[in-house]
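The values are calculated or read from the model by the stated rules, or taken from the named source; none is laboratory data. Given the structure is predicted, the values throughout are model-derived calculations rather than measurements. Positions of Cβ are backbone-derived with ideal geometry, glycine not excepted, and every protein chain shown enters the neighbour counts.
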Amino acid sequence: MDEPPTGRPVQVFKEVAHVLPRVVRLLIRAHRKGLLAALAGTAALGLLPAGIASIAKVMVDTLAAGAGPTLNLWLLIAAELLLVTLSVGLGHVLDLTRTYLGEHVQHVLRMDVNEHAAHLDLAFFEQPENHDTLEKARRELGYRPVLLTMAVLGGVQNLVTISGFVAIVLAFQPFLLLALVIAAIPVLLVAQQSSLLTFRTYDFLTPEGRRAAYVDELLTQEGAAKELRLFGLSRRLLAQSRAYTQHALDVRLQAARRNLTRFAWADLFSVGLQYVALAFVVYRAATGSISLGDFTLLIAALAAVRQNLTQVVSNFGDVLEHALLLTDLDRFLGVRPVIVAPAEPLPAPVTVHRSLRFERASFTYPGATRAVFTDFNLELRAGEATALVGVNGAGKTTLVKLLTRLYDPGSGRITLDGTDIRSYDPEHYRELFGVILQDFTRYQFSAEENVVLARPNDPADPLKLGEAAQRAGLTPLVNALPEGWGTFLGRQFQHRGQELSGGQWQKVALARALYRDAPILILDEPTAALDAEAEAELFKRYRELTQDRLSLLITHRFNTVRFADRIVVIEEGQILEDGTHAALMALRGRYHDMFTAQAQAYDVTSSAAEMSSQLETAHPSGGGAS
Ligand SMILES: Nc1ncnc2c1ncn2[C@@H]1O[C@H](COP(=O)(O)OP(=O)(O)OP(=O)(O)O)[C@@H](O)[C@H]1O
């Protein structure tokens, strides 16, 4: 790990100047009226201490004049009581107003993050450094907006209080002000420096913190609980977690120690100067140059200015710290999606008339050195069921990501009936697809929602729902659920939620893809978790599912791919073989080898050959091997 960060004061001013207007705009956006009310209340509360001290001065002077318990004195006490009561009451109301405002800021920012995240490219989420940015932004959202609002308004209140007393000092002993200002400077500088250091330390620890959070997750959540116990992994992960905590503690303590030393020196200087000023005031009172009331007022003013200066510095430091952390949010909100609609998109396509084609498409993942595809050509024809096979890492899932515009090729193009798919609004274009992904999502919603959310803009259609469930082989499962379609799936949020097996979840995901009823169906490993019976059932219906659609099936199960009209074998981003099952078997190439290896492994060579010939009868070979 690199050396821990240090704070550099020069940059602090620049960063404050940059960030403060953003904070003010944010407060206005969050709740303009709330902000105005909070500011008005803050100004009033800030001025009250000077008012209270001024009444006290008059009281002391009245007492010193020896006039006895006059009505004036009682009126002064009543006025003081009124101001103090007002101050206490206003304090409570303002606390509430500031929290309220802070929560509005939090809401506005949370929506900003969610809305922005919803429009970002998949590429953003697949880059580790972006996790840091997003994770930090999300973590900050939990508490910083409220603290930031408190600190801004607290600082304003301190400044108003200081102004009130400064006016008093100016009226009585102007040069005392100079001492106050000089005393404030080192404290102010140190506070800024320390908040920058805190921020940098936090920034520095984030990547490691994210890994530690991942380890914490492994240790505490259900997902890895089984493997952890079976492999006896817990001790190793606990050691990793402990090492991170220790390191983070060391780095933070180092920063805290550095801050402490700086603050100690700055405070010593400022207290020393204040007492020089105090000695002067005592001298003036002792020599009779100022009244006893003036003396008490100046002492109160010096104490109040010093106290509020310390507070404003601390509040300012907090503003800086919390606001600097908002820059992470800016960094995140500044990320622009690349896959966006063109200025004048073509009307949304409704189906595939001829084909979807990769035309000399090349693609390398951001940050990767090796291309997944180079000058790749493939035509997927309308109405044709294509199976894509290839070893792990051959590029099958990447091909789906490119087809569905989760990524765009770096060069070359993908066309829909001859038109570059980038000419469409990606959201509209994606409506062409019903997809089940290899790592499909297990939505912790009801069974019905898990399926019908495939058509988020339409009301749920019970007829279609029943059909999709039937086709995906989900109906018996739904019938067995305690509350049928209304049963809540997963146990993440509901104690009484129904957890499903991997295969059952896969059927739900398949029903979701089918419910979409889109012209292009993509099934990426749709049977990986299904039992043999369910898989056989599914592929019995495969022809029916893919009828009149362009479909793409990705699977490692060779006994299923033969049902496709056409099989494309890819390896290292290139098409190795392309043809029907029979043609590829006859070719005795890669497909033949993979097929027979798997068939032998399952000791089903004879039945495979038998099925193969049956299939040949049912679907005489269309294309030949390329
Ligand atoms: N998000 C990513 N960033 C960088 N490289 C990636 C990313 N996803 C996949 N790759 C790489 O791209 C190549 C193709 O991966 P892909 O997932 O498309 O393979 P696949 O054929 O679907 O494999 P499998 O059969 O294991 O699912 C692999 O070398 C993989 O390491």
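Summary table below
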{"quantity": "Count of residues meeting criterion [in contact (Cβ under 8 Å) with a residue 40 or more places away in the chain and farther than 21 Å from ALA460 by Cα] in the stretch 531-546", "calculated": "8"}
{"quantity": "The listed residue being within 14 Å of the ligand (Cβ to nearest atom), assigned by TED's automatic domain parsing to the domain that holds GLU427 and touching a strand residue (DSSP E or B) at 6+ places or on another chain (Cβ under 9 Å), out of LEU399, LEU380", "calculated": "LEU399"}
{"quantity": "Positions within the stretch 210-226 being part of a helix (DSSP H, G or I), over 19 Å from THR133 (Cβ atoms) and either among the aromatic types (Phe, Trp, Tyr) or at pLDDT below 80 (or both), in sequence order", "calculated": "GLU222, GLY223, LYS226"}
{"quantity": "Selected residue [without any contact (Cβ under 8 Å) to a residue 40 or more places away in the chain and assigned to a helix (DSSP H, G or I)] from LEU196, LEU170", "calculated": "LEU170"}
{"quantity": "Which listed residue is near the ligand (Cβ under 7 Å from one of its atoms) and not assigned by TED's automatic domain parsing to the domain that holds LEU120, from GLY390, GLY410", "calculated": "GLY390"}
{"quantity": "Breaking point among (1) under 30 Å from ILE28 (Cα atoms); (2) buried (at least 21 other Cβ atoms within 10 Å of the Cβ); (3) of a type outside the set (Lys, Arg); (4) more than 31 Å from the chain's Cα centre (by Cα), for LEU180", "calculated": "(1)"}
{"quantity": "Test: residue in the stretch 353-376 that is more than 16 Å from the ligand (Cβ to nearest atom), on the phi < 0 side of the Ramachandran plot, buried (at least 20 other Cβ atoms within 10 Å of the Cβ) and of a type in the set (Gly, Ala, Ser)", "calculated": "no"}
{"quantity": "Residue check, PRO526 under 27 Å from PRO349 (Cβ atoms), out of contact with any Gly (no Cβ under 9 Å at 6 or more places or on another chain) and part of a loop (DSSP other than H, G, I, E, B)", "calculated": "yes"}
{"quantity": "Subset of the stretch 275-294 that is touching a residue at least 24 places away in the same chain (Cβ under 8 Å) and either among the small types (Gly, Ala, Ser) or surrounded by 19 or more Cβ atoms within 10 Å (Cβ to Cβ) (or both) - its residue that is farthest from ALA53 (Cα to Cα)", "calculated": "ALA277"}
{"quantity": "Contacts under 8 angstrom Cβ, first residue in the stretch 353-365 being closer than 17 Å to ARG430 by Cα, partner within 13 Å of the ligand (Cβ to nearest atom) and aromatic (Phe, Trp, Tyr), 6 or more apart", "calculated": "PHE358/PHE373; PHE358/PHE376"}
{"quantity": "Restricting the stretch 199-225 to residues that are β-branched (Val, Ile, Thr) and without any contact (Cβ under 8 Å) to a residue 60 or more places away in the chain, the residue that is nearest to GLU321 (Cα to Cα)", "calculated": "VAL215"}
{"quantity": "Yes/no for ALA468 being in contact with a helix residue (DSSP H, G or I) (Cβ under 6 Å, 6 or more places away or on another chain), in contact (Cβ under 8 Å) with a residue 24 or more places away in the chain and more than 16 Å from the ligand (Cβ to nearest atom)", "calculated": "yes"}
{"quantity": "Those residues of the stretch 491-530 which are without any contact (Cβ under 8 Å) to a residue 40 or more places away in the chain, buried (at least 22 other Cβ atoms within 10 Å of the Cβ) and among the hydroxyl-bearing types (Ser, Thr, Tyr), in sequence order", "calculated": "THR527"}
{"quantity": "Flag if MET111 is in contact with a helix residue (DSSP H, G or I) (Cβ under 8 Å, 6 or more places away or on another chain) and either without any contact (Cβ under 8 Å) to a residue 12 or more places away in the chain or within 22 Å of ILE168 (Cα to Cα) (or both)", "calculated": "no"}
{"quantity": "Residue check, TYR443 of a type in the set (Phe, Trp, Tyr) and away from the ligand (no atom under 13 Å from the Cβ)", "calculated": "yes"}
{"quantity": "Long-range neighbours under 7 Å by Cβ, at least six apart or interchain, first residue basic (Lys, Arg) within the stretch 438-461, second outside any loop (DSSP other than H, G, I, E, B) and more than 16 Å from the ligand (Cβ to nearest atom)", "calculated": "ARG442/TRP505; ARG455/TYR515"}
{"quantity": "Matching residues in the stretch 183-192 - criterion: being of a type outside the set (A, V, I, L, M, F, W, C) and surrounded by 21 or more Cβ atoms within 10 Å (Cβ to Cβ)", "calculated": "GLN192"}
{"quantity": "Test: residue in the stretch 441-448 that is among the basic types (Lys, Arg) and in contact with a Gly (Cβ under 8 Å, 6 or more places away or on another chain)", "calculated": "yes"}
{"quantity": "Filtered residues of the stretch 537-558 (kept if assigned to a loop (DSSP other than H, G, I, E, B), within 16 Å of the ligand (Cβ to nearest atom) and in contact with a Pro (Cβ under 9 Å, 6 or more places away or on another chain))", "calculated": "THR555"}
{"quantity": "Residue identified as in the same structural domain as ALA137 (by TED's automatic domain parsing), charged (D, E, K, R) and surrounded by 16 or more Cβ atoms within 10 Å (Cβ to Cβ) among ARG242, ARG200, ARG229, ARG236", "calculated": "ARG200"}
{"quantity": "GLN444 being polar (S, T, N, Q), under 28 Å from PHE493 (Cα atoms) and in contact with a Phe, Trp or Tyr (Cβ under 9 Å, 6 or more places away or on another chain)", "calculated": "yes"}
{"quantity": "Selection count, the stretch 561-576, where residues are within 15 Å of the ligand (Cβ to nearest atom) and either part of a loop (DSSP other than H, G, I, E, B) or crowded, with 19+ Cβ neighbours inside 10 Å (or both)", "calculated": "7"}
{"quantity": "Among the residues listed as LEU309, LEU268, LEU329, LEU320, the single one being surrounded by 15 or more Cβ atoms within 10 Å (Cβ to Cβ), more than 35 Å from the chain's Cα centre (by Cα), in the same structural domain as ILE168 (by TED's automatic domain parsing) and assigned to a helix (DSSP H, G or I)", "calculated": "LEU309"}
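Residue-by-condition table, conditions (1) within 16 Å of the ligand (Cβ to nearest atom); (2) crowded, with 22+ Cβ neighbours inside 10 Å; (3) of a type in the set (D, E, K, R):
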| site | (1), (2), (3) |
| --- | --- |
| PHE124 | yes, no, no |
| GLU140 | no, no, yes |
| THR149 | no, yes, no |
| GLY155 | no, no, no |
| PHE165 | no, yes, no |
| LEU205 | no, no, no |
| GLU208 | no, no, yes |
